[in-house]
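S.K.: Dropping a structure here in structure tokens format, bear with me for questions.
The values are calculated or read from the model by the stated rules, or taken from the named source; none is laboratory data. Quick caveat, the model's predicted, so the values are computed rather than measured. For neighbour counting, all protein chains shown are included, and Cβ atoms are generated from backbone atoms with ideal geometry for every residue, glycine included. All accessible areas refer to the heavy atoms of the entire protein, side chains included, with ligands and DNA or RNA removed. Shrake-Rupley method; radii C 1.70, N 1.55, O 1.52, S 1.80 Å.
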Amino acid sequence: MGKSTGCILIEKPMQNEKPGVIQLTDLTISFGGNTAVDGVTLNIRQNQFVSLIGPNGAGKTTLFNLISGQYQPTRGTIHFKGEDITELGVAETAQRGIGRSFQLASFYPNLTVLENVCLAVQYTAKRSWCFWKKSSDFPDIEDQAYAILEQMLLDSKWNHLAASLSHGEQRKLEIAILLGMDPEVMLLDEPTAGMSVEEVPAILDLLEDLRNKRNRTIMLVEHKIDMIIRLSDEIAVLQDGGLIAYDTPEAIMQNPQVQAAYLGKAYEA
């Protein structure tokens, strides 16, 4: 099975829980002799904000890659709203309502901010794109896209090329594009990566606003522990590919295994 954490202690066992919107059971993936995700069983409840933390190389991004269909597991299953999606690819997973952002912003740099979001809204509306038409030829889609830009505080940049935005604004645009696809589950992989200290509070406020709406499930990978504590309903802790704890922020911060594995404090048995 590969390497083992040797200290598995799951704070919230799944067997007595009601099935969540995302259910991972014994999820495992190995690359050659390296087990990147090792037997993860996790139940994500609907409309919750769940953060994944752990040291570098713990398997957080790989777990997102499995849920979003980029990777196929070596063992285990992924269920979304009761449906087995383990073997589905990225497009099929996205069509079912799981949207994914990445550590590096992804958008069309030579399109305007509004056009980028219009493409996402149009994808959700399942309309064919005509490259010889402008986004203004689809006023209902343009209105939806502009409303999302207002929500993300990007409406003043609607006609700017995406490439001209600051790094922080580009991360906002990526989340706006994701919202344009209207996913039921959002997987956000380090949305503040590369941001200056001054840019982080704006993203934090926007994520808090998304959480407070309680109309979608959000999973976040982040290294800023104060941000995680502020946003999260529950926190999952990975170490060496295995899940060592899953509980409320308060309980996680008091967990001696988490302190030893992630917070840098000595573990006292």
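S.K.: Restricting attention to region 50-97, which residues are closer than 29 Å to residue 258 by Cβ, out of contact with any strand residue (DSSP E or B) (no Cβ under 7 Å at 6 or more places or on another chain) and polar (S, T, N, Q)?
M.R.: If the condition is that a residue be closer than 29 Å to residue 258 by Cβ, out of contact with any strand residue (DSSP E or B) (no Cβ under 7 Å at 6 or more places or on another chain) and polar (S, T, N, Q), then 56, 65, 70 are the ones that fit.
S.K.: Scan region 164-210 residue by residue and report those that are crowded, with 21+ Cβ neighbours inside 10 Å, hydrophobic (A, V, I, L, M, F, W, C) and under 21 Å from residue 22 (Cβ atoms).
M.R.: Scanning region 164-210 gives 175, 178, 179, 185, 186, 187, 188, 207.
S.K.: Let me ask another. Hey, among the residues in region 53-86 that are farther than 26 Å from residue 228 by Cα and not in a loop (DSSP other than H, G, I, E, B), which one's least open to solvent (accessible area, probe 1.4 Å)?
M.R.: It comes out as 76.
Per-residue answers, yes or no, for (1) farther than 23 Å from residue 214 by Cα; (2) at pLDDT 95 or above:
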site: 15; (1), (2): yes, no
site: 33; (1), (2): yes, no
site: 39; (1), (2): yes, yes
site: 48; (1), (2): no, yes
site: 83; (1), (2): no, yes
site: 100; (1), (2): no, no
site: 105; (1), (2): yes, no
site: 112; (1), (2): yes, yes
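S.K.: Which one of these is of a type in the set (Phe, Trp, Tyr) and surrounded by fewer than 16 Cβ atoms within 10 Å (Cβ to Cβ): 31, 107, 102? Walk me through how you get there before you give the answer.
M.R.: Values: 107 fails: surrounded by fewer than 16 Cβ atoms within 10 Å (Cβ to Cβ); 102 fails: surrounded by fewer than 16 Cβ atoms within 10 Å (Cβ to Cβ).
Among 31, 107, 102, only 31 is of a type in the set (Phe, Trp, Tyr) and surrounded by fewer than 16 Cβ atoms within 10 Å (Cβ to Cβ).
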